[in-house]
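The values are calculated or read from the model by the stated rules, or taken from the named source; none is laboratory data. This structure is a prediction, so every number in the text was calculated from the model and none was measured. Quick note on the areas: whole protein, heavy atoms, side chains included, nothing else; ligands and nucleic acids left out. Shrake-Rupley method; radii C 1.70, N 1.55, O 1.52, S 1.80 Å.
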Amino acid sequence: MAYEIDQRKVVGVVIETHTALVDKGFNHGEVVLGLAELIGRTIVEVAESSIQSAELMKVAMEHIERTIRIGAEATEKRIITAG
């Protein structure tokens with residue numbers, strides 16, 4: 001399973017998701033768990049094997065870790081990730 005990833009479209013997904021969730025009364029925990037569930041459901045929907053599922057989960061986790069690391073550095077927060 002290979003995808004061409006358009007970074008502008010990734011940013012578009014982030015913006016659209018944020019817009020859909022902001023000021024709806026969800027707390028941070030609910031948003032994080034809801035997004036995690038959506039990622040899991042999406043992986044189940046598109047993966048055709050356990051190998052594809054594991055690879056998609058790995059890609060998602062690595063991207064989350066990278067995003068946290070970059071965000072922590074940009075905001076000068078001391079957040080340690082597993083990576």
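Per residue, the accessible area of region 22-83 comes to 88 Å², computed with a 1.4 Å probe over protein heavy atoms only. In the chain, the longest principal axis of the Cα atoms and the axis of helix 28-46 are about 10 degrees apart. In the set (i) 7.3; (ii) 6.8; (iii) 4.9, which value of mean projected area of the Cα convex hull in nm² was calculated from the structure you see? Checked against the structure: label (ii).
For the chain, with all protein chains present and a 1.4 Å probe, just round the carbon and sulfur fraction of the accessible area to a whole percent. Solvent-exposed carbon and sulfur of the chain make up 62 percent of the total.
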